[in-house]
Amino acid sequence: MMNVLVTGCCGYIGSHTCVELLENNYNVIGLDNFSNSKRDVLGKIENIVNKKIKFYEGDMLDKDILNKIFLENKIDLVVDFAAYKSVGDSVAKPIDYYVNNVSSVLTLLQVMKEYNVKNLIFSSSATVYGNPSVLPITEECEVGGTTNPYGTSKLYVEGILKDLYASDNSWNIIIFRYFNPIGAHKSGLIGEEPNGIPANLMPYICKVATGELECLRVFGDDYNTKDGTGVRDYIHIMDLARAHINGIEKLKNSNGGLFIYNLGTGKGYSVMDIIHTFEKVNGLTIKYKVVERRSGDIDSCYADASKALKDLKWSTQYDLADMCRDAYDYVNKIK
Ligand code: NAD
Ligand code: UD1
C-alpha cells in the first residue's frame, strides 16, 4: 500500500483530500501545525472513513520534523497543501508569506531529495495567471502579473519546481492550479471554516445565511461580464479532492515529468449567479448591497479543464446547486 505524506492535512482542501485518499486505500501520514485549522478535524476525517491517519504535529519549515517523518515512514509521495492563503494578509505580511509558502517548500524538497522521494503534488492556484488575456484559461496561457505576495509565492514555487525538474528529470511532479473550491463533504463533518470575517465569497454568503453577518457586499457591478459582477470557476471541493487520486495514478505510471493541470469545471458563474443559486437551493434570501470594486479583482477567470480530462481521466461531477447546498449544510451543522 502506498504511503502518502499530506502536509496541511487538516486544512480545507487537505482534509477532504485525506478522505478521498483513505477511501481509495492509500495510507495517509499527515503533518499540520494548526496555524489555520483545528485539531478536531483529524478525528472527523477518521470518523468519515473509519480509518486512521498517522499524524505529526509540526511546522513544514522545521527540517527535524520532516526528517523524523521520512525516517519513521517509507514515504512514496507527498501532497503539499501547507501554506498561508489569505490575499489581504499577504499584502500586510509579505515576509511571513514568502517564508511559509516558499521556504517551507524548499525545506520539504531538501528532505525529499535526501530520502530519494521524488513524487510530489503541489497546490498552486489560478491566481498565477494574473489577469488572463484569453478565456477559458489553458495551461499554456502565460503566467505572471500576480498582484499580491500570496499569488507571487505560488508563482515562485512553480518556478522552483520547474528548475528542479530541469536539473533532474527523475523528479515526478504535478502542479495543480486550483480555481475556486467551495462546498463541503456530504457528511457535513468537514468543510471550510475561515478564521474571522471571511474574505471569500461562499464563506461570506454562508455567514449571511446563518445570520452571523448582516449583509453581503458585492464588490462591483460594472465588470465586463453578463451582469457586471465578477465571474469565477467554482468547483466542488470533493471533485477537487478526487483529482488528487487521478494525479497519483498518473505519477505512478510515470518515470519522471513535470505536469501542470487546471482544476476547474470550465464554467464561469457571476456573483449574482451564486447568490441566486444559493437562495434557490437553500430556500432563503441573501441580503446584499453593491459596493466599490475590491482592488486586485478581475472580470472573469475560468478554466479550460480539458487537459485534466484527457490526461488524468478526471472531470467534475457536482454542479453549482450541489456546491451551494453542501456549503450551507456544513455551516448549519457547526453553528
Ligand atoms: P487551509 O489554510 O485551509 O489549509 C492549509 C493547512 O496547512 C492548514 O491546516 C494550516 O494549519 C497548515 N499549514 C500552514 N502552514 C503550515 C506549515 N508551515 N507547516 C505545517 N502546516 C501548515 O488552506 P486550503 O484552502 O486547504 O489550501 C490548501 C493549499 O491549496 C494551499 O497551498 C493554498 O494556497 C492552495 N490553494 C487554495 C485555494 C482555495 O481557494 N482554498 C485556491 C488555490 C490554491
Ligand atoms: C481569491 C484570491 C485568490 C485565491 C482565491 C482562493 C483575490 C484577489 N484573489 O480569489 O488569489 O486563490 O481567493 O482563496 O483575493 N466577492 C464579493 N463579495 C465578497 C467576496 C467576494 O463580491 O465578500 C466577489 C469577488 O469580487 C469575486 C468573487 O466574489 O468576483 C469571488 O471572490 P473570492 O471568493 O474572494 O475568490 P477570488 O477573488 O476569485
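The values are calculated or read from the model by the stated rules, or taken from the named source; none is laboratory data. Since this is a predicted model, take the numbers as computed values, not measurements. Here the Cβ positions follow ideal geometry from the backbone for every residue, glycine too, while neighbour counts run over all protein chains shown. Note: accessible area is taken over every heavy atom of the protein model, side chains too, but ligands, DNA and RNA are not part of it. Shrake-Rupley method; radii C 1.70, N 1.55, O 1.52, S 1.80 Å.
Quick notes on this one:
- Only one of the numbered conditions (1) within 16 Å of ligand 2 (Cβ to nearest atom); (2) over 23 Å from W171 (Cα atoms) is violated by L22, and that is (1).
- The set of residues in the range 124-156 being under 27 Å from D62 (Cα atoms), small (G, A, S) and out of contact with any strand residue (DSSP E or B) (no Cβ under 6 Å at 6 or more places or on another chain) consists of G151, S153.
For (1) open to solvent by less than 10 Å² (accessible area, probe 1.4 Å); (2) in contact (Cβ under 8 Å) with a residue 40 or more places away in the chain; (3) part of a loop (DSSP other than H, G, I, E, B), each residue gets a yes or a no:
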| position | (1), (2), (3) |
| --- | --- |
| V4 | yes, yes, no |
| C10 | yes, no, yes |
| I13 | no, yes, no |
| E20 | no, yes, no |
| V28 | yes, no, no |
| K38 | no, yes, yes |
| N47 | no, yes, no |
| L61 | no, yes, yes |
| I69 | yes, yes, no |
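- Subset of the range 133-156 [at pLDDT 95 or above, in contact with a Phe, Trp or Tyr (Cβ under 9 Å, 6 or more places away or on another chain) and more than 11 Å from ligand 2 (Cβ to nearest atom)]: L135, P136, I137, E139, C141, E142, V143, G144, Y156
- Any hit, the range 98-121, residues being open to solvent by 40 Å² or more (accessible area, probe 1.4 Å), within 16 Å of ligand 2 (Cβ to nearest atom) and touching a helix residue (DSSP H, G or I) at 6+ places or on another chain (Cβ under 9 Å): yes
- In the range 183-207, the residues that are over 19 Å from G88 (Cβ atoms) and away from ligand 1 (no atom under 16 Å from the Cβ): K186, S187, G188
- Identity of the residue in the range 248-281, open to solvent by less than 30 Å² (accessible area, probe 1.4 Å) and of a type in the set (F, W, Y), that ends up farthest from ligand 1 (Cβ to nearest atom): F278
- Figure legend. Inter-residue proximity from the range 305-332: first residues free of Cβ contacts under 8 Å to residues at least 40 places away in the same chain, second residues open to solvent by 70 Å² or more (accessible area, probe 1.4 Å) and among the acidic types (D, E), beta-carbon distance below 6 Å, spacing 6+ or different chains. No pairs are indicated.
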